[in-house]
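Chemist: The structure follows.
The values are calculated or read from the model by the stated rules, or taken from the named source; none is laboratory data. None of the values given here were measured: they were computed from a predicted structure. Please note: Cβ atoms are built from the backbone with ideal geometry, for glycine as well, and neighbour counts cover all protein chains shown.
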Amino acid sequence: MYRILVCDDEKDIVSALTIYLESEGYEVIPCFNGQEAIDVLHEKSVHLVLLDIMMPVMDGMMTLRQIRTITNVPVIFLTAKGEDTDKVLGLTVGADDYITKPFNPVELLARVKSHLRRYMQLGGHATDEHTLRLGGIELNDDAKEAYLDGELINLTRTEYDILKFLMSHPGKVYRPAEIYSKVWNDVSIGNESTVAVHIRHLREKIEYDPANPRYLKAVWGRGYKMEGDDNEK
Amino acid sequence: MKNKKMSKGLGIVLFIISCCIAFVSMAGIYFCATSDIYQRSTEALYESASNDLLNIYSMNALSAYKSDFYSSRFKQSNFEYGVIKLDQDEDINKMDLNNHENYLYCNFDQDVPKDIANIYTTGITDQTEFNVSWSFLFNESRISTPNEQVFYDIDEICRYQSSIYARVGKKLYLTEYYDDELFDVQIRDLNNKEINQYTIIGTEEPASFINDNQILVEEAPKDMETYAVVSFVKSPLDTTKKDGFVKLKQMISIAKVMSYVIIATAIMSIAAIFYLLIRLISVSGVIEGEDGYALKGFQRLPIDGQLLINLAIVLIGDYVVLIASNLNSKLFLVTIACFFIVLAFLGINMLMSLVANFRVGGWWHRTLIYRIWTLIRKILNSIAQRLSRMTMSKRLIFIIMGLTLIETFFVVLFGASPSIWLWMMVEKLFIIAVYQYFNNQWKAIGTSIRHIANGELQYALPVELLDVEYQAIGTDINHINEGLDIALKEKMKSERLRTELITNVSHDIKTPLTSIISYVDLLEKHDHYDEETKQYLEVLSRQSQRLKKLIEDLIEASKASTGAIQMTMESVDVPVLLTQVIGEFEERLSAEGITLKVTNRVGDNAMIEADYRYLWRVFDNLMVNIAKYSQPDTRAYVDLTADDQHIVITMRNISKEALNISSDELMERFVRGDSSRHTEGSGLGLAIARSLTELMNGEMTLDIDGDLFKVTLTFDRL
């Protein structure tokens with residue numbers, strides 16, 4: 001039974017999160033400000049922290065800094081501040097993930113699950129060379145299977161190849177023509193839009209919010225890239 | 001054609017001939033008038049002319065003084081003459097000319113008719129030269145005896161009535177010197193009484209000073225013998241003898257007639273000149289077989305150039321004539337005739353050229369004066385332009401150089417002392433120093449303004465270092481600085497407040513919304529509801545999702561329109577972008593029954609600068625717009641075009657609803673093409689797209705043409 005600390009000054013949100021998490025079988029410790037969370041962490045061992053940023057007494061950033069002096073449990077920021085700069089700052093301070101409010105419950109649970117698994121299995125499984133991992137995405141090249149936050153994703157052969165190709169070079173931008181020639185093993189003659197269509201389908205499968213992709217990003221006018229969360233690079 | 005051409009040349013030739021005739025006639029008339037041919041009778045003319053001829057004959061007779069005075073030659077002539085040898089101081093007028101003993105030789109025996117007789121007297125020595133001829137026209141016969149040069153010692157130098165005389169004994173020699181030129185010697189003034197005691201010798205024996213004490217006098221030689229020839233024409237004239245007098249008589253009667261004939265010739269030739277002049281002018285500039293006027297050959301030269309050439313020819317001709325006149329009289333006549341012909345030709349040619357040039361027009365622009373003037377103006381203009389483009393300092397240098405040139409000119413002209421050069425140099429250095437002083441001040445002021453322009457508002461101009469005149473300006477500039485600084489700080493503060501407000505409001509709205517969405521979701525997870533409750537829950541879920549979308553759009557729109565978005569500009573390959581647009585939206589559009597047609601009219605090389613994340617928002621908004629508002633079963637077009645500076649992407653679709661609002665209104669926030677507002681959406685899509693485009697230095701315009709909806713995105717080409 002994993003223990004999850006939920007910290008938010010909004011009581012309704014804390015109880016909603018509690019309902020979701022408990023329905024998945026987790027034990028939830030609710031807190032309503034940063035100081036409380038720190039106090040709890042001093043007393044109990046926790047497997048994951050869900051942390052709001054804008055809170056009274058001690059805000060999320062400060063709290064995270066203090067948490068990191070105690071433990072290295074996964075911390076997921078949960079905030080209404082959706083700015084890119086906020087995300088980067090949060091991840092830099094030491095957060096493991098970032099979920100914006102209003103959140104999608106399915107996505108939230110999937111991420112919690114994924115981080116718990118990784119945290120708990122850390123050091124247990126040595127990453128073998130047939131497994132590619134980027135953020136919550138895991139690729140098992142032997143089985144030709146892809147997992148998003150531990151869930152198996154149904155991919156076509158082409159989608160799998162594209163994903164594998166992009167994941168093996170995270171952060172690098174590939175032009176549609178380059179992707180075509182690598183994946184199809186053929187010279188592209190105006191087939192770039194095929195790539196674009198496949199990528200869109202792929203994105204719908206591996207992203208919770210395809211309009212704001214986390215992993216498979218379209219760099220407009222240049223191509224596509226796979227990108228994990230900043231701290232994992 | 002040929003005929004007319006001939007007539008022009010012929011006209012010129014006739015003109016020249018007429019001119020010559022007119023000139024000769026006029027010259028004849030002038031000659032006749034000056035030699036009284038019109039005024040005097042034939043007899044009177046003959047009388048005066050025969051006197052001249054008698055002189056010539058006398059000279060000829062004397063030239064043979066050593067033999068027989070041509071006595072045999074005059075036998076068959078009307079020339080009656082006798083030669084007398086005069087002793088010194090003997091007066092021919094006092095001699096009895098009828099006494100034949102006085103004559104050395106004489107061919108008449110009657111008495112000398114005193115009224116018509118001619119007496120020619122001359123002195124002869126061994127040195128005497130006889131230049132004599134028989135012709136009676138243009139006769140230049142002369143008998144000349146050279147003077148002897150004798151030196152005399154002067155007794156004294158005298159002055160009488162402002163003339164200077166050298167006295168030698170009783171003789172006073174007139175000298176060609178005047179008072180002020182004379183040497184440093186005593187000059188005695190003579191009175192009237194004294195002057196009568198002396199004999200004055202004038203210019204017939206010219207005297208000149210050798211030194212203070214001697215003069216050189218040219219005197220008649222001592223051994224000179226004086227001869228006189230008394231002559232008259234035999235009366236009555238024997239016309240059977242073919243001598244000069246008979247010819248003279250005939251000639252004078254002819255001349256009398258001719259003198260009237262040439263008047264007629266003159267009138268006729270002048271008339272001819274005028275007629276030809278009018279004819280030639282009328283055909284000047286006319287080219288046969290062509291309309292209008294044109295220039296030919298010499299006429300094409302600039303008018304002033306033609307005049308100069310003509311002037312040069314005339315001057316050369318004049319010089320040639322002058323040389324010829326010094327050589328001999330016949331050559332002179334020939335050259336002056338030629339010169340006159342040339343003059344006439346040049347005159348008519350020039351006149352015709354002038355007329356032709358005036359007729360054709362634009363002659364002024366062809367003249368040398370005009371061209372030189374244009375050139376000078378061009379040079380002056382370019383100098384002025386260069387000066388105007390120069391900085392003040394360089395201009396000052398040029399002005400000083402110009403001034404120095406002018407000053408040097410005047411200094412050289414008036415031959416001023418060298419110290420003026422020094423003064424001029426000091427003066428220039430002073431001007432430069434003063435200019436430099438003020439220029440530095442201006443530069444300091446300029447620097448401070450530049451700092452303000454660059455936004456460095458903290459920059460303070462050191463006012464105390466400025467000249468008194470500029471201190472007020474400096475103080476004002478510093479005040480501007482402070483004013484701007486305050487304004488800017490306030491603006492930055494309000495900008496920050498606004499951004500903070502947006503963030504805070506968004507947070508404050510999102511927090512309760514999170515609860516709503518979460519709890520609606522939790523409610524939906526239960527399955528023991530009746531149908532009605534399920535429907536209500538579905539509405540709650542949908543509307544809360546819509547509220548979420550609206551809030552996100554609203555926040556984004558306000559951030560985009562206030563520029564509170566940080567753009568990371570990168571180069572973007574537009575053809576790749578088009579491919580991605582197809583990939584992202586083709587299926588979505590065809591789900592709505594819309595066919596997407598993407599056309600690249602540029603090729604592979606089309607780069608712009610943009611932030612790809614926000615470029616995606618722009619395209620997403622616009623393409624979603626097309627998907628939402630297009631008439632099903634129509635086509636939507638995305639075209640890529642470009643020029644040298646710009647990349648233009650146009651999107652066109654056919655609207656589902658009638659677009660009865662303007663494109664400007666449509667771009668406003670919260671305005672949608674459908675007035676019913678039934679469909680999903682915030683109405684912010686176009687406004688956000690435009691704000692983001694502008695933040696990426698692009699331009700987005702809307703065009704509505706009936707149901708055709710057209711969006712144009714313009715970016716600077718890289």
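Chemist: In region A:1-15, which residues are in a loop (DSSP other than H, G, I, E, B) and either away from every other protein chain (no Cβ under 14 Å) or among the β-branched types (Val, Ile, Thr) (or both)?
Modeler: Those that are in a loop (DSSP other than H, G, I, E, B) and either away from every other protein chain (no Cβ under 14 Å) or among the β-branched types (Val, Ile, Thr) (or both): A:1, A:2.
Chemist: Within region A:159-169, identify whether any single residue is of a type in the set (Val, Ile, Thr), modelled with pLDDT of 85 or more and not in a helix (DSSP H, G or I), and answer yes or no.
Modeler: no
Chemist: Just to be sure before I move on: is residue B:139 surrounded by 13 or more Cβ atoms within 10 Å (Cβ to Cβ) and part of a loop (DSSP other than H, G, I, E, B) in the structure I sent? Let's see the steps before the verdict.
Modeler: On the way: surrounded by 13 or more Cβ atoms within 10 Å (Cβ to Cβ): yes; part of a loop (DSSP other than H, G, I, E, B): yes.
Answer is yes for this residue.
Chemist: Find all pairs meeting these conditions: Cβ atoms under 8 angstrom apart; at least six residues apart or on different chains; first residue within region B:542-554 and under 20 Å from residue B:689 (Cβ atoms); second residue part of a helix (DSSP H, G or I) and among the polar types (S, T, N, Q).
Modeler: B:551/B:506
Chemist: Just one of the numbered conditions (1) in contact with a strand residue (DSSP E or B) (Cβ under 9 Å, 6 or more places away or on another chain); (2) away from chain A (no Cβ under 14 Å) is not true of residue B:531; which one?
Modeler: Every listed condition holds for residue B:531 apart from (1).
Chemist: Listed residues B:262, B:270, B:287; which is surrounded by 13 or more Cβ atoms within 10 Å (Cβ to Cβ) and modelled with pLDDT under 85?
Modeler: Numbers: B:262 fails: modelled with pLDDT under 85; B:270 fails: modelled with pLDDT under 85.
Only one candidate passes the filter, namely B:287.
Chemist: Would you point out the residue of region A:56-93, among those that are more than 14 Å from chain B (Cβ to nearest Cβ), closer than 18 Å to residue A:114 by Cβ and in contact with a strand residue (DSSP E or B) (Cβ under 8 Å, 6 or more places away or on another chain), that is surrounded by the most Cβ atoms within 10 Å (Cβ to Cβ)? Explain how you work it out, then say what you get.
Modeler: Quick first cut of region A:56-93, residues more than 14 Å from chain B (Cβ to nearest Cβ) only: A:57-58, A:61-76, A:90-93.
Those still in the list that are closer than 18 Å to residue A:114 by Cβ too: A:72-76, A:90-91.
Subsequent filtering for residues that are in contact with a strand residue (DSSP E or B) (Cβ under 8 Å, 6 or more places away or on another chain) retains A:73-76, A:90-91.
Numbers: A:73: 20, A:74: 23, A:75: 27, A:76: 19, A:90: 25, A:91: 17.
The selected residue is A:75.
Chemist: For region B:560-576, what are the residues that are in contact (Cβ under 8 Å) with a residue 12 or more places away in the chain and facing chain A (nearest Cβ under 9 Å)?
Modeler: B:570, B:571, B:572, B:573, B:574, B:575
Chemist: Within 14 Å of chain B (Cβ to nearest Cβ) and either loosely packed, with under 15 Cβ neighbours inside 10 Å or modelled with pLDDT of 80 or more (or both) - does that describe any residue in region A:144-152?
Modeler: Scanning region A:144-152, I find no residue that is within 14 Å of chain B (Cβ to nearest Cβ) and either loosely packed, with under 15 Cβ neighbours inside 10 Å or modelled with pLDDT of 80 or more (or both), so the answer is no.
Chemist: How about region A:16-55: which of its residues are in a helix (DSSP H, G or I), surrounded by 18 or more Cβ atoms within 10 Å (Cβ to Cβ) and in contact with a strand residue (DSSP E or B) (Cβ under 8 Å, 6 or more places away or on another chain)?
Modeler: Filtering region A:16-55 for residues in a helix (DSSP H, G or I) gives A:16-23, A:34-43.
Checking which are surrounded by 18 or more Cβ atoms within 10 Å (Cβ to Cβ) leaves us with A:16-17, A:20-21, A:34, A:36-38, A:41.
Result: A:17, A:21, A:34, A:36, A:37, A:41.
Chemist: Can you name the residue in region B:183-212 that is among the hydroxyl-bearing types (Ser, Thr, Tyr) and part of a strand (DSSP E or B) and is also surrounded by the most Cβ atoms within 10 Å (Cβ to Cβ) among such residues?
Modeler: B:208
Chemist: Then there is this: Just to verify a result, which residue in region B:444-497, among those that are within 25 Å of residue B:566 (Cβ to Cβ) and of a type in the set (A, V, I, L, M), is surrounded by the fewest Cβ atoms within 10 Å (Cβ to Cβ)?
Modeler: Looking at the filtered set, the residue picked out is B:453.
Chemist: Give the residues of region A:61-84 that are within 17 Å of the chain's Cα centre (by Cα) and either of a type in the set (Ser, Thr, Tyr) or not assigned by TED's automatic domain parsing to the domain that holds residue A:17 (or both), sorted by residue number.
Modeler: A:79
Chemist: Which of the numbered conditions does residue B:503 fail, given that it passes all the others? Conditions: (1) modelled with pLDDT under 80; (2) more than 10 Å from chain A (Cβ to nearest Cβ); (3) part of a helix (DSSP H, G or I).
Modeler: So the condition that residue B:503 fails would be (2).
Chemist: Go over the candidates B:276, B:315, B:308, B:248 one by one and state the one that is part of a helix (DSSP H, G or I), within 30 Å of residue B:128 (Cα to Cα) and either out of contact with any Lys or Arg (no Cβ under 7 Å at 6 or more places or on another chain) or not assigned by TED's automatic domain parsing to the domain that holds residue B:73 (or both).
Modeler: Residue meeting the stated conditions: B:248.
Chemist: Follow-up. Spot the failing condition for residue A:109; the list is (1) in a strand (DSSP E or B); (2) in the same structural domain as residue A:21 (by TED's automatic domain parsing), and only one is missed.
Modeler: Here residue A:109 clears every test but (1).
Chemist: Out of everything in region A:195-211 that is touching a residue at least 24 places away in the same chain (Cβ under 8 Å) and within 19 Å of residue A:152 (Cβ to Cβ), what residue ends up being nearest to the other protein chains (Cβ to nearest Cβ)?
Modeler: A:201
Chemist: Further question: Output the residues belonging to region B:685-706 that are assigned to a loop (DSSP other than H, G, I, E, B) and at pLDDT 85 or above.
Modeler: Scanning region B:685-706 gives B:696, B:697, B:698.
Chemist: Now for a separate question. Got at least one residue in region B:509-524 being within 13 Å of chain A (Cβ to nearest Cβ), farther than 30 Å from residue B:393 by Cβ and touching a residue at least 40 places away in the same chain (Cβ under 8 Å)?
Modeler: Going through region B:509-524, the residues within 13 Å of chain A (Cβ to nearest Cβ) turn out to be B:509-524.
Okay, now just the ones that are also farther than 30 Å from residue B:393 by Cβ, so B:509-524.
Checking which are touching a residue at least 40 places away in the same chain (Cβ under 8 Å) leaves us with B:509-510.
Yes.
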